[in-house]
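Enquirer: Once you've had a glance at the structure underneath, I'll fire off some questions.
Throughout, read-outs are computed from the coordinates displayed, never taken from laboratory work. Treat the numbers as computed from the prediction; the structure is a model and nothing was measured. Glycine also receives a Cβ, built like all others from the backbone with ideal geometry; neighbour counts cover every protein chain displayed.
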Amino acid sequence: MALVGACADAPDPGDLAAFCDLLAADVGLSTQATEAEYAQLALVAPPEIRPTIDSLQTQARDFDELLNVEPPDLAAIFTAKFDPAAERDRAELDRYAESGCNLLIARPPSVRWANFVRENHADAAWREAVSMDFLSDTAQVTGASATFTEAPAPMALVEDVCDALSDFLSSDGSGSASIQVFIGTVVVINESSPDGPCRLP
């Protein structure tokens, strides 16, 4: 009886094969994944990834509720859409899909950059001051640019964001991509590859 009790109390192992099959069919991996998709994943999720799925499901439900509010709260919708917690959870699901299911997750450069910044430059002063643009040939980035709407203070932030882009492109396998940093419409740093010095003239 003790053995039966121990088995009954054992955590639900989920169904890794079914979970990976759903991910392979792109269920839950899109940045527009729905609460219903996460509910499908939650039914078979292994215990180590289940909290992430539960969190993503809650975030998707909350976002759907925001979309149904009249009049729409645009600021709240924007904040929810780019919620750092949701980005962290999606990145965690990507990692699990790759390590646990041997799936190659092809995210657009902007998402890969956002994940890189969150993991390596979460407190960077330039993070909210620049807009990013990426040129890519399929999955490979061929060019990246960062634009400050006005001169940052201190100006060293221009070099800092260039250095971060260099590290990102190198780690992303885009060692021949060009880098440009703008202030408004003026190019202040122009490097032909991530190996450049990233220094203001």
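Enquirer: Given points 7 Å out from each Cα along the Cα-Cβ axis, report the Glu87 to Arg118 separation in nanometres with one decimal.
Expert: Simple spin-label model gives 0.6 nm for this pair.
Enquirer: Under unit Cβ charges (Lys, Arg +1; Asp, Glu -1), what dipole magnitude, rounded to 20 debye, does the chain have relative to its Cα centre? Walk me through the intermediate numbers first.
Expert: Details: 11 positive and 33 negative charges, 71 e Å.
Rounded to the nearest 20 debye, it is 340 debye.
Enquirer: Right, here's the next one. State which stretch of the chain is the longest one without any exposed trypsin sites (Lys or Arg not before Pro), exposure meaning a DSSP loop state and at most 16 other Cβ atoms within 10 Å. Could the numbers behind the result be given before it?
Expert: Numbers: sites that count: Arg127, Arg199.
Value returned for the longest uninterrupted segment is 1-126.
Enquirer: Determine the dipole magnitude for segment 11-101: charges of +1 sit on the beta-carbon of Lys and Arg, -1 on that of Asp and Glu, nothing else is charged, the reference point is the Cα centre, and the result goes in debye to the nearest 20. Don't skip to the answer; put the middle values down first.
Expert: Values: 6 positive and 19 negative charges, 31 e Å.
Result for segment 11-101 is approximately 160 debye, rounded to the nearest 20.
Enquirer: Right, here's the next one. Explain nothing, just the number: relative contact order of segment 127-191, from Cα pairs under 8 Å at least 6 residues apart, as a whole percent. Walk me through the numbers on the way to the answer.
Expert: Numbers: 93 pairs, mean separation 20.9, N = 65.
Answer for segment 127-191 is 32 percent.
Enquirer: Among Ala17, Ala144, Ala45, whose mean-square fluctuation peaks in a Gaussian network model of the chain (Cα, cutoff 10 Å)?
Expert: In the Gaussian network model the winner is Ala17.
Enquirer: Another question, if that's okay. Would you please classify the overall shape of the chain from the alpha carbon gyration tensor, given that a ≥ b ≥ c denote the square roots of the eigenvalues, rounded means a/c under 1.5, and beyond that prolate means a/b larger than b/c while oblate covers the rest? Intermediate values should be presented prior to the final figure.
Expert: Values: a/c = 2.69, a/b = 1.88, b/c = 1.43.
Taking the square roots of the gyration eigenvalues as a ≥ b ≥ c, the chain is prolate.
Enquirer: Ok, one more. Place +1 on the Cβ of every Lys and Arg and -1 on the Cβ of every Asp and Glu in the chain, take the dipole about the Cα centre, and give the residue among Ser110, Val69, Leu56 whose Cα lies farthest towards its positive end.
Expert: The residue sitting most towards the positive pole is Ser110.
Enquirer: Which angle between 0 and 90 degrees, to the nearest 10, do you get for helix 84-101 versus the longest principal axis of the chain when only C-alpha atoms count?
Expert: 70
Enquirer: Given contacts defined as C-alpha pairs under 8 Å and at least six residues apart, what's the relative contact order of segment 45-102, whole-number percent?
Expert: Values: 23 pairs, mean separation 25.9, N = 58.
Over segment 45-102, the number comes to 45 percent.
Enquirer: While we're on this one: State, to one decimal in nm, how far the label point of Ser110 lies from the label point of Asn68, with both points 7 Å from Cα in the Cβ direction.
Expert: Distance between the two pseudo-spin positions: 2.8 nm.
Enquirer: Then there is this: Give the distance, in whole Å, between the Cα centre of segment 155-181 and the Cα centre of segment 68-118.
Expert: Going from one Cα centre to the other spans 22 Å.
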